[in-house]
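Here is the structure we will look at, set down as structure tokens.
The values are calculated or read from the model by the stated rules, or taken from the named source; none is laboratory data. Everything numeric in this text was worked out from a predicted model, so none of it was measured. Positions of Cβ are generated from backbone atoms using ideal geometry, with glycine treated the same way; all protein chains shown enter the neighbour counts.
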Amino acid sequence: MSDMEQSYHYGVMRRAIEMIDAGETGLSLEELAAAQGMSPAHFQRQFSKWAGISPKRFQQYLTLGHAKSLLRDRFTTLETSHALGLSGTGRLHDLFLRWEAMSPGDFAKQGRDLIISYGWFEGPFGDTLVMGTERGICGMAFAAETGRAATFDDMRARWPSAKFVEAPDRLAPWVMATFGRSDAETPLVLIGSPLQIKVWEALMQIPSGNVTTYSELAQAIGSPKAVRAVGTAVGRNPISWIIPCHRALRKSGGLGGYHWGLPVKRAMLAYEVAQSEARFGLENAKM
């Protein structure tokens, strides 16, 4: 699939998700397809190819109440995940990741002497800002709810002494590996405080299609009483989607916050559960 076709494909999916998530219940296949300027059969085929399930079933995963069923059916104990090898050094929603963390000293410099390339890309969760150093992606943010200007200012403020250069071509191969779900390696550079990096490491141990709680994350990093600090670190995750802060929920089953807007978080969770269900169905079909 060419870059232009990929952009069009993600644009269709984004608009469909926004329409489904707008609060309109019981949208028919015909209504969704007409809004995309497509025939029902073509839209169903394209949507199912991307999500792994039908648009109608996907609507069920976007409901607010679905978070509680996720905690009931797909709760991940991070200690168990780590024992099984489901960590950041392995696969994460069909990506190969290689990641490294900056030293506390480098973090304290607030990006001084660091050149960060950035670019805007069309993705399945809307307008996507990607940032990276020569070693890998260091930032990914979504502007669907906040707008481009506020999103860029938010990310730039995390490393105020860095030099930012618009260079989307440098980042494009990593972005395509991320959204194209190829087996190409996606290098990450974690720029944060020691506590933040511990939390982000724990997030990378949550398998795709599963969720955990903020208190479970606090337990996993050896600070069971630091739930609030852990929640703050989750919210400061600079590489959204790839470091899956969207998989952290409240113990009550509530979605909790999401820095780039709850509609984006719901769409990410729905997509991952749909993909997991599609893979499970395929595996059962082969048995």
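Tabulated data for the structure shown
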{"item": "Residue within region 263-271 that is touching a Leu at 6+ places or on another chain (Cβ under 8 Å) and farther than 25 Å from ILE20 by Cα present", "result": "no"}
{"item": "Test: ALA177 is surrounded by fewer than 18 Cβ atoms within 10 Å (Cβ to Cβ) and either of a type in the set (A, V, I, L, M) or under 17 Å from LEU269 (Cβ atoms) (or both)", "result": "no"}
{"item": "Extreme residue, farthest from ARG158 (Cα to Cα), among residues of region 203-221 that are small (Gly, Ala, Ser) and modelled with pLDDT of 90 or more", "result": "SER215"}
{"item": "Which listed residue is surrounded by fewer than 20 Cβ atoms within 10 Å (Cβ to Cβ), at pLDDT 90 or above and more than 30 Å from SER48 (Cβ to Cβ), from GLY257, GLY235", "result": "GLY235"}
{"item": "Breaking point among (1) closer than 30 Å to SER252 by Cα; (2) modelled with pLDDT under 90, for PHE142", "result": "(2)"}
